[in-house]
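No lab work stands behind these numbers, since they all come straight from the coordinates. Worth saying up front: this structure is predicted, and the values here are computed from it rather than measured. Cβ atoms come from the backbone with ideal geometry, glycine included; neighbour counts cover every protein chain shown.
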Amino acid sequence: MAIQPKKVVLFFPILEEGKSYNWPPVSLLALSAVLKANNIEPVIIDERVEKEPEITLVRELKDSICLGITAFTGFSLHRSLKAAKLCRKFYPAKPIIMGGPHATALPEQCKRSNLIDDIVIGYGEYEFLHKIQKIAHGEDCQKPFGRNDIYKQLMSDSMPPIPYELIDINKYINPETEATIYLTSYGCPGKCTFCSTQTLRKWVQLSKIKVKTDLTNLFKTYPFKHIVFYDATFFVDMQRVKEIIDYIQTYRVAWEADARTMEAVKFDKDMITYLEKSRLKSITIGMETGSSKVVNIMQKGSGHVERMYKIVNNFRKSPIGIASGIIFGLPGETLNDLKITLKVIKELSLIKKNFKVSTTFFRPLPGTALYSVLENEYKIKFPQSLEEWAEFGERSHYNYNEIMDIPWFSKNMENEYKKIYTEFWQENSILFENGSI
C-alpha cells in the first residue's frame, strides 16, 4: 500500500499594496518541489491572488502537519504574522515555521515570538524538508541541516523540477506583457554593505539540467512572451548564460536580467551583438551611486562608477535598454555626494537614450553592515521583537521613486537634501524606469 503524503501549508503574504499583477511565489514553489519529491503534499496560499485567503488558510490547516510562512523585512511582515495568529487561534498546537530574509537576519529574535516555533535560515528547501520530516515522525525539528549539504543538493542535477501545477499561473500574468520570472541561481558574491546577510551571499547556481527542465515546464504551462531572470546577478558565468539563453530561443521570447558592473563591463561588441540577437530587452545594473566616496561606503569596489560609464558607452548604440537602481540618503553621504550622483545620472542619460533609473531612499536591512553602523555609531534604535518589526514595516515601507525621511541626517541637511533631489527629478522625471514588466 502506498504511503499517504503528509500535508504542509505554505503562506505567501501581500508584499505591497496597489499592485495590479504579481509574480509567482518562486520561493514557495522551490520549497514545494523538494517537498513533493519526498511524498509531502504542499498547499500554497498566496494572499496576493487568493479571494478569501484567511478562510482558505484556516480550512487547509485543519488536516496539515505544519504552517510555513515567508517573512520579508518591511510592509509584508505584519501580513505574515496575521497568518501565524490565525493558525494559533484555530490550531494552537500546530507547529509554525518561519523562513525568508527576515528570519535569516534575526533568527533568535524571531524564535522568541510565541507565534513562531522554529525558523529556517538561508536557502531553505532542504532544511525545511528536514524539519517537516522530523515533525511528521514526532521528533525534535530544531537541529539544523548542514549548510554545505544544502549547497550540494541545490546544485545537483537531481534537484526536482518546479511544480507549476500547484498554482493557477493565469493569476500571475501581466496581460500587457505576458511576462514571468525564473531564477537560475541563488545569492550574490558581492559584499555590498546595504544588501543581504552573509548567509545569502554565497552564489549557488542551479544545475543547467534543472534550469532547462523548469523552463520547458514553464512554457508548457503558459506560452509566455517575456521572461525575467530574477537572479541577483545573472552574468557571473558567461558560458552558462549562453547555454541557457540559446536554449530559450526555441520559445522565441524576449528576456531581461540583472548584472553587476564588474560583469557587464566585460561585454565586448560581439557579446552585445549576441545579446541583441537573443532578444535581450533590457539589462539592470546596480549603479546605486555616482559618488566614489559613497561607493566606498557601500563597498561596491574601486572603479565602480568608471565601469558604469564604460558599460553605457558600450551599449550607447544598442537597442538594449540599461536600467539602474540608485539609493539615496545613506549614512555618511553628503550634499556634495548627492550632487555628484545626480550629475552622473544626467551624463549617462545623455550618452544613451534609453538609460533609465529607479530610486529608493535607504532603509537598513537587519544583518547588513550599514544596519550595524546605524545601530552602533548613529545610535538608531531598531525594533527589538518580531511583532515590533511588523508594526514598523507596516508604517515605514519604502516606495520606488518617492522621498522618505532620513533620520540619520540633521534636520537642516535632510531638508536641503530633499530640496536638491526634488528639483532634479522635477526636471528629469522622464528618466524614471516605470517597472511595468
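A few remarks follow.
- Placing unit charges on the Cβ atoms of the charged side chains and taking the dipole of the chain about its Cα centre, the candidate lying farthest along the positive direction among 393, 360, 177 is 177.
- Close amide-amide hydrogen proximity is noted between residue 41 and 6, 7, 8, each under 5 Å apart and 5 or more residues distant or on a separate chain (H modeled in the peptide plane; Pro and chain starts excluded).
- Choice from 401, 412, 296 showing the highest fluctuation, given a GNM over the chain with Cα pairs closer than 10 Å: 412
- Highest average first, the peptides 68-75, 37-44 ordered by how many other beta carbon atoms sit within 10 Å of their residues are 68-75, 37-44.
- Translational diffusion coefficient (Stokes-Einstein; Kirkwood radius from C-alpha pairs) of segment 105-194 at 25 °C, 0.890 mPa s, in µm²/s: 149 µm²/s
- For the chain, the longest principal axis of the Cα atoms and the long axis of helix 386-396 meet at an angle of about 40 degrees.
- Globularity ratio of segment 164-211, using Cα Rg and 2.2 N^0.38 Å: 1.59
- Rg/Rg_globular for segment 6-149, with Rg_globular taken as 2.2 N^0.38 Å and Rg from C-alpha atoms: 0.97
- The chain, helix-only ellipticity at 222 nm - DSSP H runs n ≥ 4, -39,500 (n - 2.57), divided by all residues, nearest 500: -12000 deg cm²/dmol
- Basic side chains Lys and Arg get +1 at the Cβ, acidic Asp and Glu get -1 at the Cβ, and with that the dipole of segment 162-308 about its Cα centre reaches some 300 debye.
- When each of the peptides 318-327, 285-294, 226-235 is scored by how many other beta carbons lie within 10 Å of its residues on average, the order from highest to lowest is 285-294, 226-235, 318-327.
- Volume per residue for the chain equals 147 cubic angstrom (convex hull of Cα atoms).
- Charge-dipole axis of the chain as Lys and Arg at +1 and Asp and Glu at -1 on Cβ define it, positive-most pick from 29, 289, 417: 289
- Debye, to nearest 20: dipole size of segment 6-149, +1 on Lys, Arg Cβ, -1 on Asp, Glu Cβ: 280 debye
- Rg ratio (alpha-carbon, reference 2.2 N^0.38 Å) - segment 28-92: 1.13
- Subtracting the Cα-Cα distance of residue 271 and residue 156 from their residue separation scaled by 0.36 nm leaves 38.5 nm.
- Residues in segment 416-432 carry Karplus couplings, in order, of 5, 4, 5, 5, 5, 4, 4, 4, 5, 6, 5, 8, 10, 4, 4, 7, 5 Hz; the curve used is 6.51 cos²θ - 1.76 cosθ + 1.60 with θ = phi - 60°, and Gly or Pro positions show x.
- By average C-beta atoms within 10 angstrom, highest first, the peptides 55-61, 427-433: 55-61, 427-433
- In degrees, nearest ten, helix 304-314 long axis to first principal axis of the chain (Cα): 80 degrees
- Entries of 89/134; 82/220; 85/411; 85/356 with Cα pairs more than 30 Å apart: 82/220; 85/411; 85/356
- Karplus-derived HN-Hα couplings along segment 210-224 (A = 6.51, B = -1.76, C = 1.60, θ = phi - 60°), whole Hz, x at Gly and Pro: 5, 4, 5, 5, 4, 5, 4, 5, 4, 6, 6, 6, 7, x, 4
- Mean-position separation - Cα centroids, segment 356-421 and segment 21-94, in angstrom: 29 Å
- Residue (of 129, 66, 380) at the positive-pole extreme of the chain, dipole from beta-carbon charges: 129
- Rounded to the nearest 20 debye, the dipole magnitude of segment 174-213 is 400 debye, with +1 charges on Lys and Arg beta carbons, -1 on Asp and Glu beta carbons, and the Cα centre as origin.
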